[in-house]
Structures are given as structure tokens and as C-alpha cells.
Amino acid sequence: MSTAQDPAFHLFPNLPTELRLLIWRFCLPNRVIELDHPHPDPIFDFKRPAPCTLAKTTVLNNRPPLIAGVCHEARTVASESSLSINLSTQPDSSCNESHPSTGQGHDINGEAEEDIPIHLNPHHDVVHLHHEPVYESDQSAGNPLRHIISIATQTTPNQASLSLGLLLVGRTQDWPQLPFLLSQRPWWLVVIHVVPIHMSLHAGSLTGLFGLLGDAPVQIVDLRDKHRLGAYYDLAAVTQHRRGDGELTVEDEKLVMMVDVETKRCRSESAVRWIYKLAAEPAPAMYPAIMFRLCPEECDRLGE
Ligand SMILES: [Zn+2]
């Protein structure tokens, strides 16, 4: 039995198997699965230096759930709850022509993307497409949207999100398929802003904002969910204040982080109106959202 001195619960192995499995399943993360690699330049409006490289968070987010390293039983639960999605072998074969990527053709470790499987828990996870088209060599395909629609419908939450950059390209480039593809879903979340939160993984896990065990480092919050949004912005502002030079208060830090949100929300609405002004299809509902990323690196201090 656990005590104040020894919080470990030593009787766990004596629980019925069904109960242990339920507990392991409860510990699985609810993740935002990124179907491509984010690039800091378009996400941070080409700000120099970028507030975050984004790469470490993506790596952490692609790791097996934390419980997979506990014991054989937990590892089995984790593997049974995961589908391995290879970007080059999607059920929609048309995706093979132009799978979503940064256009680099390689992941952040320099390995071919086709060799990197994405682990998706179809019961818990949601999917996101960064797909900043400025990095795409082939604008005509439109297949990244078919790709995310196909995967989202295979998940229980059936939630799909995309980045504002994808909508903005619809205003400036010839992408005639865009309204039709977007209309294949009744609604989307549109990530209009990305907020990195720099702190250790342990500290992040204690906040409870990145999964029960801290192994869900990417979170997307609907702008309408004021309570949840406030919790993430409060954490981001407090963290930034601690790491800053003390010139700004926590409230100031929060205001700085949120200064662009309304502008970007308007840009998103305007882009959707433009995309559908001549379209036969009705526009799907587009709900603005913010992406928060737990990053344990010191990437925001490069160059200091
Ligand atoms: Zn970072």
C-alpha cells in the first residue's frame, strides 16, 4: 500500500487483469498527430530568430506513448491501440503522387519521409495538416487534403485541422480543387497561431495540459473554448516571464502572445470567403484554433 513516504502502489500487479488493462488504456495520450512536418518560417511569419524550431516537439509527439516503456503488458496495450500510417502507403493511392510534406522530401533527421511511420490511436487521436504550400513544388495535386480527410474519418473523434497558410494560398494561387476538397468535411479547425511553451518535460507533465503523463506535447485549442484557452495562455505567459529579462509582467507577456490572434482570425474568415465566392459547394464551418507546443529545448535562446 502507498504511504506519504512511498507513493508507489505496490498492489497494482494483484489487480484483476481487466482492471489493469483499463488503467493502462486510461493512461494513453490523446494526441494531435501531425501528418507533415511544421516549418518555423511560415508559422512564425519569417520572424528571426524563430521563437522555436518546432522540431523537438514533433519528435516527442511521434514517440510511442510513455506507458510503452513500463512493462510488457503496458507495451502491448500501447501497440494494440496504435495504427502505423506510412506516408507513402495511404489507402487513397492518389496520395502517393504528392503526400503532405514540407516539400523537402526528408524529415528533420535527414531520413526519407517514406521510412517514417506515424503512430495513430484511432480511438483518441486527432489529425493535423501543416502543409504550408509555400514549400510545395506541386500546387496542383490537392492530395494532402484527401489524405487528412481519409485518416480523420477513420478516427473516433473525426476531427481534422489545418493551418491558416493553406487557406491563404487559395487566395493567391490557382488551386481549383480547394473548395471542393474542403467541402468534403462539414467543419474544420483552422490553426491561426502557434504558441511554443518552453519548459522541461517533467514540468510540462505536472501541468496536466499535455496529457495525463505529459506525452501529448502538441495541443490544439478551439478559440471558442475560453476556459481551456486561458489555461494554456496563462502557462505560456508565466513560462515566458520566468525565462525573460523581467521587463514584461506576466499579463504583458500574455498580451504580446495574443496580439496577432484577432488579425489572423479575420484573415482566416476573409480567405474562406474568397475561396468560396465563386464555388458551387457550400463552405464548411471553419473554427479558428491555437496550437500550443511543449518544447524542452533552448531553441528560443539561440543566438543569445
Ligand atoms: Zn522550442
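Each value in this text was obtained by applying a stated rule to the coordinates, not by laboratory testing. Worth saying up front: this structure is predicted, and the values here are computed from it rather than measured. Glycine also receives a Cβ, built like all others from the backbone with ideal geometry; neighbour counts cover every protein chain displayed.
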Work out how much length residue 12 to residue 154 would gain on full extension: take 0.36 nm times their residue separation and subtract the Cα-Cα distance, in nm to one decimal.
47.8 nm
Is the shape of the range 1-50 rounded, prolate or oblate, going by the alpha carbon gyration tensor and its root eigenvalues a ≥ b ≥ c, with a/c under 1.5 for rounded and a/b larger than b/c for prolate?
oblate
When only alpha-carbon atoms count, how far does the range 167-304 stretch along each of its three principal axes, as whole angstroms with the largest first?
52, 33, 29
Rounded to whole angstrom, the alpha-carbon centroid of the range 231-304 lies from that of the range 144-168 at a distance of 20
Which order do the peptides 17-25, 198-206, 289-297, 244-252 come out in when sorted by mean C-beta neighbours inside 10 angstrom, highest first?
289-297, 198-206, 17-25, 244-252
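Give me 287, 232, 276 sorted ascending by neighbouring Cβ count inside 10 Å, so fewest comes first.
Numbers: 287 15, 232 21, 276 18.
By the 10 Å Cβ count, ascending: 287, 276, 232.
Can you work out the FRET efficiency for the pair residue 84 and residue 247, with r the C-beta to C-beta distance and R0 = 41 Å, to the nearest 0.05? Could the numbers behind the result be given before it?
On the way: r = 47 Å, r/R0 = 1.16.
Efficiency at R0 = 41 Å is approximately 0.30.
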Using a/c under 1.5 as the rounded threshold, could you call the range 197-251 rounded, prolate or oblate? The axes a ≥ b ≥ c are square roots of the C-alpha gyration tensor eigenvalues, and prolate needs a/b larger than b/c, oblate otherwise.
oblate
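Between residue 260 and residue 200, how high is the FRET efficiency from 1/(1 + (r/R0)^6) when r is the Cβ-Cβ distance and R₀ = 25 Å? Nearest 0.05. Let's see the in-between values first.
Details: r = 27 Å, r/R0 = 1.09.
For residue 260 and residue 200, the calculated efficiency is 0.35.
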Tell me, 52, 27 in order of fewest to most beta-carbon neighbours within 10 Å?
27, 52
With the convex hull built on the alpha-carbon atoms of the range 240-304, volume per residue in Å³ sits at 134
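I need 212, 235 ordered by Cβ neighbour count within 10 Å, fewest first.
In increasing order of surrounding Cβ atoms, one gets 212, 235.
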